[in-house]
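As structure tokens, the structure follows; a few thoughts come after it.
Taken together, the values in this text are just the output of simple stated rules run on the coordinates, not laboratory data. Only a predicted model underlies this, so the values are computations on that prediction, with no experimental measurement involved. Here the Cβ is made from the backbone with ideal geometry for all residues, glycine too, and neighbour counts use every protein chain on show.
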Amino acid sequence: MTPTTTPTTTPTTRPTRRAVLTGARVVLPDGVAEDGRVTVEGGRIAEDVPGEAGTLDLSGHWVVPGFVDIHVHGGGGASFSAGSAEEALEVVATHRAHGTTTMVASTVTGDLDDLARQAAVLSELVEQGDLAGVHFEGPFIARSRCGAHDPALLRDPDPADVRKLVEAARGTARMVTLAPELPGGLESVRMLADSGVIAAVGHTDADYEATVRAVAAGATVATHLFNAMPTLLHRTPGPVAALLEDERVTVELINDGTHLHPAVLELAFARAGADRVAFVTDAMGAAGMGDGVYPLGPLQVRVTDGVARLVEGGSIAGSTLTLDTALRRAVTVDGLPVADAVRALTATPARMLGVADRVGGIEPGKDADLVVLDGDYRVVGVMRKGAWVVAPPTAAATATTAAAGAVGRPGVSESSGAA
């Protein structure tokens, strides 16, 4: 996979007073609206007024909800693990230009005190609305499945240590990935579930039975299913079967053409369905950049032809993926229906995060987080909370003029002709 080029952005500081997007195929929760209409006012999806002037004709395009990435480490040459608000905002800007309007910042294995300091920085960005939460991936993972995590910094998931990181995030921790078979694993899963933090099974050597126990204890997410865990075998089904079969579990998939074969992705969708599959990037700093050497926590990663691998050892080290590429591949290579692919990177992760009342769908009253795609499923426009981050060519004038004026009361909207 070749890293995508970040679209040119036209930032606006205020939401449009009122905008009516017409003519596009609009992906709604109940299907695709041909020649649909989406009305935006004051940063929200608003009441549609048929025949209203001042429309933006997007014929030949798609309009879909803003993407939601629950597992991303970096992009634009920057990393959430740097402990720098400036770098974190560079990551946000890079992925936002590719359509990701809601994202959780993922850390990588490190010293507990270092992770706590990173969490303190990231929590401020959550509080000001740039991020949707913090995800700790490691250090509570299996040495045998650590992938691009520094094995020297791994530790068992003692509930006291897990709680320390959660508390360092000051109420913004959304997910912790751990190996439940390790000492303290099940106790930590229960503690996280009781605290309202998602317990995710990943980088694990758990067998089928241990994984079933983890889900029973409260684990609800599979961190990049199939990757960094035992393979699915006919006599030892391992964690893959346990995580796919349980309706309470949302499974992450990295659809970059490197982490998963299309047949494996098809298997996951056939068993779990779009309502339980969340496309994620697991992107490191090279996302949106070219080949070269990049840091990933304390380790060095070499990116060659868009594939990231550790300099020492050669293990796959996250991805250079952006979610627009995952969507395009899902439709054009994997053959998924557009509505299913869109759901896997919008509604499903939004529901898993508990923010589906605000994002993840084009529905009355939700945030006006929208992505405009051309006929080849490439991003040509991104709107976040009613403001164009990437203005489609036909919206250039609107992006510079419509932001003026009073912000109206959020209302409701519905596109016509839903199939």
Select from region 206-280 those GluC sites (Glu not before Pro) which occupy a DSSP coil region and have at most 14 other Cβ atoms within 10 Å, ordered by residue number. Glu247
For the residue pair Glu312 and Glu47, what label-to-label distance in nm results when each label sits 7 Å from Cα along the Cα-to-beta-carbon direction? 6.4
Return the percentage of antiparallel bridges among DSSP beta bridges fully within the chain, rounded to the nearest 5 %. 55
Just Val121, Val371, Val176 to compare: in a GNM of the chain, with alpha carbon springs under 10 Å, which one fluctuates most? Val121
Residues listed by number, region 132-149, amide nitrogen under 17 Å from Arg170 label point at 7 Å toward C-beta: 132-135
On a C-alpha basis, how far is the centre of region 173-189 from the centre of region 57-102 in Å? Whole number, if you could? 28
Helical segments meeting 20 Å axial Cα length and Kyte-Doolittle -1.0 threshold in the chain (DSSP H): 112-127
Most fluctuating residue given options Lys366, Lys385, Lys164, as computed from a GNM of the chain linking Cα atoms under 10 Å: Lys164
Taking every pair of Cα atoms in region 59-170, average 1/r, invert it to obtain the Kirkwood radius, and report Rg/Rh to two decimals. 1.04
How high is the FRET efficiency between Arg378 and Arg248 when r is their beta carbon distance and R₀ equals 25 Å, given to the nearest 0.05? 0.10
Computed over region 193-264, Cα set: Rg, Dmax in Å: 12.0, 37
Note on region 196-321: alpha-carbon gyration tensor, axes a ≥ b ≥ c; rule is a/c under 1.5 for rounded, else prolate if a/b larger than b/c, else oblate; result prolate
Could you work out which residue, out of Pro393, Pro262, Pro230, moves most in a Gaussian network model of the chain, that is, has the largest mean-square fluctuation with Cα springs under 10 Å? Pro393
Across all Cα atoms of the chain, Rg and the largest Cα-Cα distance (Dmax), in Å, are 20.6, 65
